[in-house]
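Take a look at the structure set out below.
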Amino acid sequence: MIRFVLATLTVLSLTLPARALDIQQVTSPGGLNAWLVEAHDIPFTALEIRFRGGASLDAPEKRGAITLMAATLEEGAGQMDAQAFAEATESLAAQFSFDVDDDTLKISARMLTENRDKAVDLLREALTNPRFDQVAVDRVRGQVLSIIASDEEDPNAIAGRTFRQLAYGDHPYGSSLNGTAESVKALSREDIFDAKARVMARDRLVISAVGDITPAELGVLLDHLLGDLPETGAPMPPRAELGLAGGVSVVDYDTPQSVVIFGQQGLPMDDPDFFAAYVINQILGEGGFASRLMEEVREKRGLTYGIYTYLAPKDLAETWQGSFASANGKVAEAIAVTRAEWARMATGEVTDQELNDAKTYLTGAYPLRFDGNGQIAGILAGMQLNHMPIDYVNTRNAKVEAVTKEDIKRVAQRLLDADALRFVVVGKPEGLDTSASN
Amino acid sequence: MRAFFAAAVAWLAAWPVWAENVTHFTLDNGLEAVVIEDHRAPVVVHMVWYKAGSADERRGKSGIAHYLEHLMFKGTDSMAAGELSKTVSANGGSDNAFTSYDYTAYYQRIAADRLELVMKMEADRMRHLKISPDDWQTERDVILEERAQRTDSDPGALFGEQRNAAQYLNHPYGTPVIGWRQEMEALTRDDALEWYRRYYAPNNAVLVVAGDVTPEQVKALAQTYYGPLEPSADIPPRVRPQEPPQLAERRLVFPDPRVAQPYVSRSYLAPERDPGNQKEAAALTILAEVLGGNPQTSVLARKLVYGSGTAIYVSAFYDGMAIDDTTFGLAAIPAADMSLEETEAAIDTALAEFLHEGIDPAQFERIRTQIRASEIYAQDNTQALARRYGEALTSGFSVEDVQSWPDVLMSVTEEEVMQAARSVFDRRQAVTGYLTRPAEEATQ
């Protein structure tokens, strides 16, 4: 009886998004572009600001400067030291966060309508007039060094670092964006100002807003907030050459459970085959309990708590990656099963049911992402970073729907290669054949 | 930077508001239900919470509540193992479950027009679970891998487990939710089924549905799918062994070669929120915010991070949502040239000064401003709101308790916070822990 109901429901298709999501292109009087969704039901606005380039714009020998700079933006600006800035933020009940990844510097702001102008004044000070006082830089440096030290002993961080190094070598992608203890200790206050100038410029800006604000209000806000930033920053870093070769690398580490990261070449989001690869990945390892790897490695054999794969199309390189953790005595078997599933997927043979389930999941899950102002603002920023058109939300599911079994076969055979899969294992794996490793 | 102990600052975001959109009803078979309306997106979160958590386990069977949670995905008379998750996923939804000391909960997040589908499956497994003889041992391997991943591989998690065990002399809150490894290894299918039969029934559950739904819709569906389920006549009362007077301070040193960043923590036994009487817990909640909530402006940050430079990070945390006595916690990461002993001494000095100086009225006012604002921001996250109601109702609180919580917080005076501080900081009831590298390496 239940199966019958399910079959009926599965053929329903969701329109996208089921509530009209009216994304407006806003150009400020000063020429800044932003995407806006007006939502006046809750009296606050979520604002997302991105600077392309992120930590990969660190100057040579200055690894970690952009991370340290971003973490120090809220530690004093204009007339305010760190505590005065924090007190002012608390008094307005505004929420600001500053974060960096390989491709972007991210600023998130949540501001109440009742005091939005004051909140913008405050954020403006941090973005255009940060003090980077020596004492503040040193204090945050101490926190970063503590994280670097912790990462030295954290199996997940060790695995990530080893994989990056193997994949990208000397490119910024090849090392931690926190820098090393040595590079971070050597950073001067001038390096921090320089790091800001390299990344926080108007020529690499992406902006989105969702909430209780009109296009005209947003335009004025943006010019005030960002208009005084420099026009240009450092040139974008070059593309990264992927240096991965198939095999297993083991980092010996005394822990009861081995951490494994694996990966091979991926593909960029503008590749015509991207959506086929996206569906393949769903079937292979991203579908939670529905994925082949979860079924084979966890459900059937109990070799892990969880195994996942994902496409990682970064701005300057693309991989197809995955990860899991297994007891030292079981990790060899888990790797063998993973490699076998990778090879099986590479034949491109999928059942109608697998393809259909993956597509209904992906198309059904998409509109569910759009709940909450903060959530939507983040998605709109991501769409712009990936150069998607403003009507992308209306066309995206059709692209998933259009993927055929033939596409799956062709793209899986083109891209997936179990022999090219590199495993990085951190732990004390037993019985693992590493003869192919370098 | 706010990379450490992120959970400690989560309390601001999670406060319930919006009482006008919350509906509460109880079916004839005893199933309590809460509906939270949010029509901004065509999404619904469907949750079933059971009033059964690890603190209800029999001694020697630690981990059974969590193990059963895993086995709940192994099928029923009418669903194959794994079918529920696959069906949810094939309909664009996601599902999962979680276990804590006082509750076990299952949820799906899916398009609002598929609520009936997930409710039907969730109702089915409330009374008709089937665990095939093939599945249970594999799943026991999975929970052991989960323990290895979350706990055994993480010295901070192991340290927390040991501190907690030392904190509770008698109460089962001292036993980890996931279980002690040697007891997990011995859990059986019969243990799981016994647990299931004892606790999984409509009159021991709370249904929470949040999102693009109306109370009428939910009521009709709940009546159809949960209504026919038989209540259980013999659900045991939740009377756990209570703490005796704690008379002796406990101190732990946990050396582990995997520790790169040592830290010191201190926890004090503290009263929990009580249904109908939340004032003291509200004062402790604000005390945690005053002492360690904000990494720049809190009392401990001012004294230890910005003042003496003893620590690079400090935190204070308290979560009163529990059935029995909970804890008030403090933690500090020493600056590079400071020892754990010096850091602990600095914390104690700071606490003594605070008890003498009292609360800065400006800070108190800023915290109140944020309490008010959190009611606005909370409206943007319906799923968090759903969790708040589920957690409260399975811990013995009423909808009114949840809804009055912001007002109770706002009614707390500075003097009440100080009174709570004087009462909670009793070293005889405290556990102090050092997480550190083994001795020969400790000097670096």
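The values are calculated or read from the model by the stated rules, or taken from the named source; none is laboratory data. Everything quoted here is computed from the prediction, not taken from an experiment. When we count neighbours, we look across all protein chains shown, and the Cβ atoms used for this are built from the backbone with ideal geometry, even at glycine. Protein only, heavy atoms only, side chains kept; ligands, DNA and RNA dropped before computing areas. Shrake-Rupley method; radii C 1.70, N 1.55, O 1.52, S 1.80 Å.
Here are a few things to note about the model shown:
- Selected residue [on the phi < 0 side of the Ramachandran plot and either within 11 Å of chain A (Cβ to nearest Cβ) or touching a Ser or Thr at 6+ places or on another chain (Cβ under 6 Å) (or both)] from B:Ala345, B:Ala336, B:Ala352: B:Ala336
- Complete set of residues in region B:36-72 that are within 12 Å of chain A (Cβ to nearest Cβ), out of contact with any strand residue (DSSP E or B) (no Cβ under 7 Å at 6 or more places or on another chain) and not charged (D, E, K, R): B:His39, B:Ala41, B:His70
- Test result for A:Met69, more than 9 Å from every other protein chain (Cβ to nearest Cβ), at pLDDT 95 or above and part of a strand (DSSP E or B): no
- The set of residues from region B:98-128 being in a strand (DSSP E or B), of a type in the set (A, V, I, L, M, F, W, C) and surrounded by 21 or more Cβ atoms within 10 Å (Cβ to Cβ) comprises B:Ala105, B:Ile110, B:Ala111.
- Inclusion of B:Asn29 among residues that are farther than 30 Å from A:Glu38 by Cα, within 12 Å of chain A (Cβ to nearest Cβ), of a type outside the set (A, V, I, L, M) and surrounded by fewer than 21 Cβ atoms within 10 Å (Cβ to Cβ) is not warranted.
- With respect to the conditions (1) buried (at least 18 other Cβ atoms within 10 Å of the Cβ); (2) more than 27 Å from B:Glu243 (Cα to Cα), B:Leu284 lacks only one, and its number is (2).
- Among residues of region B:59-72 that are in the same structural domain as B:Leu144 (by TED's automatic domain parsing) and on the phi > 0 side of the Ramachandran plot, those with a beta-carbon under 9 Å from a residue that is open to solvent by 10 Å² or more (accessible area, probe 1.4 Å) and assigned to a loop (DSSP other than H, G, I, E, B) at least six positions away or on a different chain give the pairs B:Gly60/B:Ala186; B:Gly63/B:Glu57; B:Gly63/B:Thr175; B:Gly63/B:Pro176; B:Gly63/B:Val177; B:Gly63/B:Ile178; B:Gly63/B:Trp180.
- Screening region A:283-299 for residues that are open to solvent by 50 Å² or more (accessible area, probe 1.4 Å) and more than 7 Å from every other protein chain (Cβ to nearest Cβ) and picking the one that is modelled with the highest pLDDT gives A:Glu295.
- Of the residues in region A:411-426, at least one is in a helix (DSSP H, G or I), basic (Lys, Arg), open to solvent by 10 Å² or more (accessible area, probe 1.4 Å) and over 30 Å from A:Asn328 (Cβ atoms).
- Top-ranked residue in region B:101-142 [being more than 8 Å from every other protein chain (Cβ to nearest Cβ) and within 28 Å of B:Gly174 (Cα to Cα); ranked as farthest from the chain's Cα centre (by Cα)]: B:Trp136
- Of the residues making up region B:414-444, those that are modelled with pLDDT of 95 or more and not in a helix (DSSP H, G or I) number 9.
- Selection status of B:Val239, within 30 Å of B:His128 (Cα to Cα) and buried (at least 23 other Cβ atoms within 10 Å of the Cβ): no
- Taking the criterion of being in contact with a strand residue (DSSP E or B) (Cβ under 7 Å, 6 or more places away or on another chain), assigned to a helix (DSSP H, G or I) and surrounded by fewer than 21 Cβ atoms within 10 Å (Cβ to Cβ), the only residue of region B:129-152 that qualifies is B:Asp152.
- The criterion of being in a loop (DSSP other than H, G, I, E, B), of a type in the set (A, V, I, L, M) and either assigned by TED's automatic domain parsing to the domain that holds B:Glu37 or in contact (Cβ under 8 Å) with a residue 60 or more places away in the chain (or both) does not hold for B:Val218.
- Matching residues in region B:73-95 - criterion: being at positive phi and either at the interface with chain A (Cβ under 9 Å from one of its Cβ atoms) or under 18 Å from the mean Cα position of the chain (by Cα) (or both): B:Gly82, B:Gly92
- Positions within region A:201-233 being in contact (Cβ under 8 Å) with a residue 60 or more places away in the chain, open to solvent by 10 Å² or more (accessible area, probe 1.4 Å) and within 25 Å of A:Pro43 (Cβ to Cβ), in sequence order: A:Asp212, A:Thr214, A:Pro215, A:Val220, A:Leu221, A:Asp223, A:His224
- Condition broken by A:Ala240, with the remaining ones in (1) more than 30 Å from A:Asn356 (Cα to Cα); (2) within 14 Å of chain B (Cβ to nearest Cβ) satisfied: (2)
- Residue identified as part of a helix (DSSP H, G or I) and either more than 14 Å from chain B (Cβ to nearest Cβ) or at pLDDT 95 or above (or both) among A:Asn356, A:Asn394: A:Asn394
- For region B:30-48, the condition holds for no residue, the condition being that it is part of a strand (DSSP E or B), under 22 Å from the mean Cα position of the chain (by Cα), modelled with pLDDT under 95 and in the same structural domain as B:Asp191 (by TED's automatic domain parsing).
- Residues of region A:364-382 that are part of a helix (DSSP H, G or I) and at the interface with chain B (Cβ under 10 Å from one of its Cβ atoms): A:Gly364, A:Ala365, A:Tyr366, A:Pro367, A:Leu368, A:Asn373, A:Gly374, A:Gln375, A:Ile376.
- Check on B:Leu187, over 27 Å from B:Val43 (Cα atoms), within 14 Å of chain A (Cβ to nearest Cβ), touching a residue at least 60 places away in the same chain (Cβ under 8 Å) and in a loop (DSSP other than H, G, I, E, B): yes
- Qualifying helices (runs of 4 or more DSSP H) (wholly inside region A:108-183; at least 2 residues being open to solvent by 50 Å² or more (accessible area, probe 1.4 Å) and within 12 Å of another protein chain (Cβ to nearest Cβ)): A:134-152
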